[in-house]
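> I have a structure here, written as structure tokens, and I will follow up with some questions on it.
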Amino acid sequence: NNDIAPFKSILNDMYSKDLSKKIRTALHTMQKQGKWVGSKIALGYMQDPNNKNHLVICEVEAKIVKIIFNMAIAGNDISSIRQYLEENEIPTFSQIRYNKSTFWENRAIKNILRNEIYIGNLVQGKRTTVSYKNHRIINKRKSEWIRKKNTHEGIIDEDTFYKVQSIINGRRRPSKKLG
């Protein structure tokens with residue numbers, strides 16, 4: 001038995017590598033078709049009960065997203081939006097989905113405001129792993145992301161979304177680095 005163990009190991013490794021390529025290709029194809037293949041669905045959406053690769057609006061959560069965008073379009077900065085959500089005891093993503101006791105973070109609000117999913121676009125394939133053996137996550141360049149428009153119903157209209165983007169980009173502070 002010990003004489004063929006190295007050969008079995010090589011064959012098993014080749015099988016794993018081949019299977020990994022097939023799975024990556026299948027997921028990549030589904031992403032290019034505009035199908036949802038992620039694991040954690042954004043606040044305001046849920047999987048369609050009839051099609052697990054399609055998103056539908058969750059009305060209870062969508063109200064929170066609309067509050068955040070309406071406050072941003074009214075000129076409120078992220079800190080004041082966070083303060084409003086905390087003061088009015090509006091539940092966070094983790095409180096709604098996982099029943100965990102958490103609080104609103106500026107980063108979470110900024111991620112919501114920047115996410116194109118809220119206008120009906122899917123942006124997937126932002127990250128990958130090194131290989132099937134090395135599971136270290138690598139962020140891809142924006143040019144490599146898979147972006148499909150109008151894959152599902154948007155919570156926010158495009159005009160509002162892009163106005164918020166210009167407001168956020170206009171608030172950026174200049175770098176304090178010299179030179």
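The values are calculated or read from the model by the stated rules, or taken from the named source; none is laboratory data. All values reported here derive from a predicted model rather than from experimental measurement. Accessible surface is based on the protein model in full, side chains and every heavy atom, while ligands, DNA and RNA are left aside. Shrake-Rupley method; radii C 1.70, N 1.55, O 1.52, S 1.80 Å.
> If the limit is 28 Å between Cα atoms, which of K21/K148; K110/K140; K8/K52; K126/K163 go over it?
On the way: K21/K148 23 Å; K110/K140 20 Å; K8/K52 37 Å; K126/K163 24 Å.
Over 28 Å apart, Cα to Cα: K8/K52.
> In the chain, carbon and sulfur make up what percent of the accessible area (probe 1.4 Å)? Provide the component values of the computation, followed by the final result.
Values: 6370 of 12700 Å².
Heavy-atom surface of the chain belonging to carbon and sulfur, 1.4 Å probe: 50 percent.
> Can I ask one more? Using just the helices of the chain, give the 222 nm mean residue ellipticity in deg cm²/dmol: DSSP H runs with n ≥ 4 each add -39,500 (n - 2.57), and the total is spread over all residues, rounded to 500.
Working: 6 runs with 81 residues, N = 179.
Calculated mean residue ellipticity at 222 nm is -14500 deg cm²/dmol.
> Keeping every protein chain in place, order V164, V60 by accessible area at 1.4 Å, biggest value first, i.e. largest first.
Listed by decreasing accessible area, they come as V60, V164.
> Another question about this same structure. In percent, what relative contact order does the chain have, based on Cα pairs under 8 Å that are 6 or more apart in sequence?
Values: 187 pairs, mean separation 38.3, N = 179.
That works out to 21 percent.
> More than 19 Å apart: what percent of Cα pairs in the stretch 33-133 qualify? Walk me through the numbers on the way to the answer.
Numbers: 2408 of 5050 pairs.
For the stretch 33-133, the share of Cα pairs beyond 19 Å comes to 48 percent.
> Here's another thing I want to ask about it. To make sure I understand the rule: partners must be aspartates and glutamates, Cα under 19 Å from the Cα of K133, and not fewer than 8 residues away in the same chain. Which ones qualify?
Cross-link targets: D13, D18.
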